[in-house]
Structure formats: C-alpha cells, structure tokens
1. If Ala74 passes every condition in (1) in contact (Cβ under 8 Å) with a residue 24 or more places away in the chain; (2) open to solvent by 40 Å² or more (accessible area, probe 1.4 Å); (3) not basic (Lys, Arg) but one, which one does it miss?
2. Show me the strands (runs of 3 or more DSSP E) entirely contained within the stretch 47-116 in which 1 or more residues are basic (Lys, Arg).
3. Just name the residue that is most open to solvent (accessible area, probe 1.4 Å) out of those in the stretch 93-109 that are aliphatic (A, V, I, L, M) and within 14 Å of Gly35 (Cα to Cα).
4. For the stretch 19-47, name all the residues that are in contact with a His (Cβ under 6 Å, 6 or more places away or on another chain) and either of a type in the set (D, E, K, R) or open to solvent by less than 30 Å² (accessible area, probe 1.4 Å) (or both).
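The values are calculated or read from the model by the stated rules, or taken from the named source; none is laboratory data. Everything numeric in this text was worked out from a predicted model, so none of it was measured. With ideal geometry, Cβ positions are generated from the backbone for all residues, glycine too; neighbour counts draw on all protein chains shown. Quick note on the areas: whole protein, heavy atoms, side chains included, nothing else; ligands and nucleic acids left out. Shrake-Rupley method; radii C 1.70, N 1.55, O 1.52, S 1.80 Å.
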Amino acid sequence: QVQLVESGGGLVQAGGSLRLSCAALGRIVSINAMGWHRQAPGKQRELVAGITSSGSTNYADSVKGRFTISRDNAKNTMYLQMNSLKPKDTAVYYCVLDTTTVQGTGVIRRTDWGQGTQVTVSS
C-alpha cells in the first residue's frame, strides 16, 4: 500500500508564493511519474504539472513560468513551488503518483492520489 502525505497549502494574497509537498510512504520500488492536479469549485479536475522518472516536466499553460515541479528521489517526495499566485489558482491541489510497489512476493504498478490540500489566493 502507498500513502501520500500532502502539506503546504493555505491562504495567500495575490502575488504571493506557496510550496506544496507530497511525500510517498510504503514499500515503493520506484516512482515512475508524479504530478499535481487541482480542482476548483464547480470545475473539473485538471493537470497542473507533471514530472517523469527521468526529470522531464510539463505544465498547464495557465501556470507556465509561475509554478515549478520538482522531486527528491531519495525522500520519495515531490514539490510544487507556486509563485505569483492569482485568485484563479484557488483550488484543492492533489498529488498523484505512478509507482511500482511490493505486493506479496511480487511487485505491481499502481496509481495513488493524495488527500488534497486547499490553496486559497485572495485578491
């Protein structure tokens, strides 16, 4: 089983910064890909940023140049540095991990979601 622990959300004024963290706990053999999604009230969940095992990144157009995704493989932790925040960035942010984990005498590939952390940007 994989547990994801998110932290770093909160209330910030427009133009401010926040850093989200997502730590993966469990019998993880490898993390194949990681990403952040967000869901604003009344809207569908959308991809914000992703990072592969090799470190390649991709971003939603709405956050390019403002958000940076990174990972610490030794700590099985992913980060999202969010700068120049705007009210439209207000949402619940979820981390998602694609991992290979130990199950019984073998390994499986699985996708897990964090519990979500609220980010609120005031104008």
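1. Result: Ala74 fails condition (1) only.
2. Values: elements: 57-59, 67-72, 77-82, 91-103, 106-113.
Ranges flagged: 67-72, 106-113.
3. Taking the stretch 93-109 as the starting set, the residues that turn out to be aliphatic (A, V, I, L, M) are 96-97, 102, 107-108.
Okay, now just the ones that are also within 14 Å of Gly35 (Cα to Cα), so 96-97.
Numbers: Val96: 19, Leu97: 1 Å².
This residue is Val96.
4. Restricting attention to the stretch 19-47, the residues satisfying the condition of being in contact with a His (Cβ under 6 Å, 6 or more places away or on another chain) are 45, 47.
Once the filter is applied, which keeps residues that are in contact with a His (Cβ under 6 Å, 6 or more places away or on another chain) and either of a type in the set (D, E, K, R) or open to solvent by less than 30 Å² (accessible area, probe 1.4 Å) (or both), the stretch 19-47 yields only Arg45.
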